[in-house]
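K.L.:
Below are the structure tokens for one structure; questions will follow.
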Amino acid sequence: MAESNIKVKVQKFGNFLSSMVLPNIGAFIAWGLITALFIPTGIIPNESLANLVDPMVYYLLPLLIGYTGGKLVHDQRGGVVGAIATMGVIVGAPETPMFLGAMIMGPLGAWVIKKFDQMIEGKIRAGFEMLINNFSAGILGGLLAILAYLGIGPAVDAFTEVLVAGVDWLVGAGLLPLTSLLIEPAKILFLNNAINHGVLSPIGLEQVQQGGKSILFLLEANPGPGLGVLLAFMIFGKGTAKRSAPGAGIIHFFGGIHEIYFPYVLMKPLLFVSVILGGMSGIFTLVLLNGGLVSPASPGSIFAILAVTPPQGVSYVANIAAILVATTVSFLVSAVILKSSKAAEEDIDQATKKMEEMKGKKSSVSGQLNQGTLPQEVSKVVFACDAGMGSSAMGASLLRKKMKEADLDIKVTNTSISNLPSDAEIVITQEELTPRAKSKLPSAHHISVDNFLSSPEYEKLITSLKKDTSDKVDNKEPAAGNDGKTEQTSGQEEELLKEENIFMNQHFSTKEEAIRFAGEALVKAGCVEDDYVEAMLERETITSTYMGNNVAIPHGTENAKKAVIKSGFTVIQVPDGVDFNGEPAKLIFGIAGKDGTHLEILSGIAVICSEQDNVDRMVQAKTAKELKNIISSN
């Protein structure tokens with residue numbers, strides 16, 4: 001337990017350091033490109049433009065880090081005081097880029113002003129808030145800048161010189177490749193940020209000032225070790241691991257998202273040897289051929305690495321060779337390990353879950369590895385459609401009812417694809433919309449359905465969830481949603497579903513004609529503006545609003561919500577049916593939803609229409625009152 005707590009603390013510390021650096025990587029790259037282009041040994045030397053180099057590395061970059069670090073601690077106010085304090089270390093050590101100093105003074109300055117704000121909270125007289133806030137930030141920031149100038153700046157300067165001397169000694173003694181013994185396992189255990197952004201990047205930038213490039217930027221960013229493992233799985237792997245390896249390799253090498261290969265190593269711990277030896281061989285090649293980068297490469301994509309490779313000398317050859325050598329060594333060792341393995345099939349899903357447990361949060365790329373498997377813990381299922389108004393609400397209502405019947409305490413909700421929440425573990429969409437949903441939330445498990453009212457996917461999902469949670473189900477009050485509200489439905493029906501908006505025995509040649517009729521009925525009912533009718537037709541071109549069981553629910557697009565005056569329904573009975581993309585719709589519910597007030601009655605309609613017998617009764621009804629009574633009685 002103690003070791004786990006230490007690891008978590010190191011992870012959090014590393015994440016905090018990276019959160020100061022990563023938002024500013026664009027500035028680092030800009031500085032690196034300007035350096036590579038315009039210094040005397042650059043691609044197109046330009047003495048005038050080269051004047052940008054020193055001010056950027058000595059002032060801009062440390063100030064950005066200090067401001068970002070301060071903002072992480074105490075928002076905008078903390079960022080301002082952090083930047084003021086950072087200026088002290090910059091001026092206090094004018095010969096050294098103060099990245100380490102900025103990582104200290106930015107958060108420290110913000111912490112001081114945060115404590116001050118907490119101390120005076122509720123004690124300032126009205127009208128003096130701005131005066132106190134501005135002067136307190138100025139006074140405390142100025143005092144911290146003086147402290148940094150006199151003490152912290154020179155101390156960090158001396159510490160940086162010691163670190164740089166240590167790296168130079170490792171390079172001179174030929175021992176730098178041994179750092180892979182620490183770096184490669186640290187990457188997979190998510191401890192690398194503390195090393196990379198806390199030590200390697202600041203020292204690397206100091207080396208760039210002295211020699212124009214640094215090898216340290218490629219110690220952790222080299223994609224070769226991970227690529228070798230993935231290539232071995234492509235050829236010698238088994239099952240899901242083999243099938244997913246090609247896609248993972250593309251994301252890793254070209255996208256620079258290295259964590260996608262971590263589950264493959266965790267699945268077979270002997271592969272730690274592969275990545276360590278691959279990393280060591282890559283570093284040895286860099287030392288031998290004098291490789292390096294002019295700024296951090298983030299993410300560790302081949303494109304990012306080539307973009308910040310210095311043009312002079314043999315740097316391109318050295319860096320590409322280091323990647324190839326690391327890939328080759330890692331591949332060969334991994335191939336031997338996989339060939340000698342007796343496992344029938346690698347469990348990539350279990351390894352991905354293990355990786356996420358170590359990371360402490362859901363991986364942004366895990367969905368690429370375990371698309372066929374439900375998440376380990378499911379607490380939220382989201383139905384999504386284009387507008388989040390009709391089809392998704394009906395689907396959510398049906399699944400919510402099934403969840404309750406299965407005694408599953410899982411929240412089911414609906415929304416538009418553009419508003420998908422980041423905490424959704426499972427997302428359900430119509431088949432045509434699934435690619436959009438995956439693009440919006442790639443980390444979720446996605447389910448495609450072609451019939452929101454009676455999809456077999458619902459039963460499959462319920463069965464899987466019951467199997468996964470059979471030993472966890474308790475008697476908690478369901479979080480699913482609409483329970484206990486059915487008594488109020490009849491009152492809402494009286495308001496939203498009126499007999500004058502139910503049209504019996506209609507006939508249409510095309511679905512567009514039917515949709516326009518439904519829209520114009522909503523306009524006459526005072527529910528929507530005229531523009532909403534065209535939005536209903538536009539929505540149908542995105543994906544069909546046919547729900548299955550001879551039911552269609554035309555409604556507007558997400559952008560058309562502003563044209564909704566109030567929630568309302570119109571019901572159109574079409575006994576002969578009208579073609580909706582090859583399916584006969586005999587009941588058409590025109591929908592206008594505002595502020596969710598339509599969802600309860602829509603939920604009831606969804607439950608009723610999920611049974612084909614109920615739909616047939618409504619299609620055979622003779623009067624609007626009879627049809628309405630069928631809806632109200634369920």
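The values are calculated or read from the model by the stated rules, or taken from the named source; none is laboratory data. It should be emphasised that the depicted structure is a prediction, and the values quoted were computed from it without experimental measurement. Cβ: placed from backbone, ideal geometry, glycine included. Neighbour counts: every protein chain shown. For the accessible areas, the whole protein counts, side chains as well, though only heavy atoms, and no ligand, DNA or RNA atoms are used. Shrake-Rupley method; radii C 1.70, N 1.55, O 1.52, S 1.80 Å.
K.L.:
Need one number: nm distance between label points at Val314 and Arg243, each 7 Å from Cα along Cα→Cβ, rounded to one decimal.
P.N.:
Between Val314 and Arg243, the simple spin-label model gives 4.6 nm.
K.L.:
Obtain the nm distance between the two label points defined at Glu534 and Trp169 by a simple spin-label model: each point lies 7 Å from its Cα along the Cα-to-C-beta direction.
P.N.:
Taking the simple label geometry, Glu534 and Trp169 are separated by 7.5 nm.
K.L.:
Leaving out ligands and nucleic acids, note down the accessible area per residue over region 113-166 with a 1.4 angstrom probe, in whole Å². Walk me through the numbers before you get to the answer.
P.N.:
Values: 3570 Å² over 54 residues.
Here the per-residue accessible area is 66 Å².
K.L.:
Amide H neighbours of Gly300 under 5 Å, counting only residues 5+ apart in sequence or on other chains, H built in-plane at 1.01 Å?
P.N.:
His258
K.L.:
Within the set Lys466/Lys511; Lys438/Lys594; Lys594/Lys625; Lys524/Lys622, which residue pairs have Cα atoms separated by over 29 Å? Write down the numbers at each step before the final one.
P.N.:
Values: Lys466/Lys511 40 Å; Lys438/Lys594 27 Å; Lys594/Lys625 25 Å; Lys524/Lys622 23 Å.
As for pairs spanning more than 29 Å Cα to Cα, those are Lys466/Lys511.
K.L.:
Could you go through region 51-57 in sequence order and give the Karplus-derived ³J(HN,Hα) for each residue, using 6.51 cos²θ - 1.76 cosθ + 1.60 with θ = phi - 60°, rounded to whole Hz, and x for Gly and Pro?
P.N.:
5, 6, 4, 5, x, 5, 7
K.L.:
Moving on. Using only the Cα atoms of region 41-100, each taken as one equal point scatterer with no solvent, compute I(q) by the Debye sum, divide by I(0), and report log10 of the ratio at q = 0.14 Å⁻¹.
P.N.:
-0.45
K.L.:
Size of region 406-445 along its principal axes in angstrom, Cα-based, largest extent first?
P.N.:
Ordered largest first, region 406-445 gives principal extents of 31, 20, 16 Å.
K.L.:
Whose amide H sits under 5 Å from the amide H of Val412, counting only residues 5 or more places off or on another chain, with H placed in the peptide plane?
P.N.:
Placed amide hydrogens put Val381 under 5 Å from Val412.
K.L.:
Sticking with this structure for a sec: Say R0 is 60 Å: what FRET efficiency, to the nearest 0.05, do Gln612 and Gln76 get from their beta-carbon distance? Provide the component values of the computation, followed by the final result.
P.N.:
On the way: r = 58 Å, r/R0 = 0.97.
Approximately 0.55, to the nearest 0.05.
K.L.:
Here is a further query. Using only alpha carbon positions, build the gyration tensor of region 8-166, then give the equivalent ellipsoid semi-axes as the square roots of 5 times its eigenvalues, largest first, whole angstrom. Write down the numbers at each step before the final one.
P.N.:
Values: eigenvalues 205, 59, 48 Å².
In descending order the semi-axes read 32, 17, 16 Å.
K.L.:
Listed highest first by mean packing, meaning other Cβ atoms within 10 Å per residue, what order do 259-265, 166-172, 609-615 come in?
P.N.:
Details: 259-265: 26.6, 166-172: 13.9, 609-615: 17.4.
Put in order of decreasing packing, that is 259-265, 609-615, 166-172.
K.L.:
Once fully extended, how much extra length lies between Lys562 and Phe128, figured as 0.36 nm per residue of separation less the alpha-carbon to alpha-carbon distance?
P.N.:
152.1 nm
K.L.:
Calculate, for region 210-283, the solvent-accessible area per residue in square angstrom, rolling a 1.4 angstrom probe over the heavy atoms of the protein chains. Present the calculation step by step, with values, prior to reporting the outcome.
P.N.:
Numbers: 2150 Å² over 74 residues.
Per residue, region 210-283 has an accessible area of 29 Å².
K.L.:
I would also like to ask the following. Give me the extension gain from Ser341 to Asn290: residue separation times 0.36 nm, minus the current Cα-Cα distance, reported in nm with one decimal.
P.N.:
Details: separation 51, 0.36 × 51 = 18.36 nm, distance 3.78 nm.
Between Ser341 and Asn290, full extension yields an extra 14.6 nm.
K.L.:
Oh, and also: Starting from the Cα-Cα distance between Glu459 and Leu33, subtract it from 0.36 nm times their residue separation and give me the gain in nm to one decimal. Each step should come with its number before you reach the end.
P.N.:
Working: separation 426, 0.36 × 426 = 153.36 nm, distance 5.54 nm.
Fully extending the segment from Glu459 to Leu33 adds 147.8 nm.
K.L.:
Among 547-554, 223-230, 572-579, 511-518, how do they line up from the highest to the lowest mean number of other beta-carbon atoms within 10 Å?
P.N.:
Numbers: 547-554: 25.8, 223-230: 29.2, 572-579: 17.8, 511-518: 20.5.
In descending order of packing, they fall as 223-230, 547-554, 511-518, 572-579.
K.L.:
Give the peptides 274-285, 523-534 in descending order of average Cβ contacts within 10 Å, highest first. The partial results should precede the final answer.
P.N.:
Numbers: 274-285: 25.2, 523-534: 18.2.
Taking the mean over residues of other Cβ atoms within 10 Å, the ranking is 274-285, 523-534.
K.L.:
Mind giving me the FRET efficiency for Ala307 and Gln620? R0 is 41 Å, r the Cβ-Cβ distance, nearest 0.05 is fine. It would help to have the intermediate numbers written out before the result.
P.N.:
Numbers: r = 68 Å, r/R0 = 1.67.
E(calc), rounded to 0.05, equals 0.05.
K.L.:
Still on this model: Given region 504-543 reduced to its alpha-carbon atoms as identical point scatterers, what log10 I(q)/I(0) does the Debye formula return at q = 0.14 Å⁻¹?
P.N.:
-0.30
K.L.:
Round to a whole number: what % of the accessible area of region 41-103 belongs to carbon and sulfur, probe 1.4 Å?
P.N.:
63
K.L.:
Right, another one. Using every Cα-Cα pair within region 72-210, state what percent have a distance larger than 22 Å. Don't skip to the answer; put the middle values down first.
P.N.:
On the way: 4852 of 9591 pairs.
Within region 72-210, distances greater than 22 Å cover 51 percent of Cα pairs.
K.L.:
Same structure, new question: Region 495-571: Rg/Rh from Cα coordinates, Kirkwood Rh?
P.N.:
Working: Rg = 11.9 Å, Rh = 12.7 Å.
Ratio of gyration radius to Kirkwood radius for region 495-571: 0.94.
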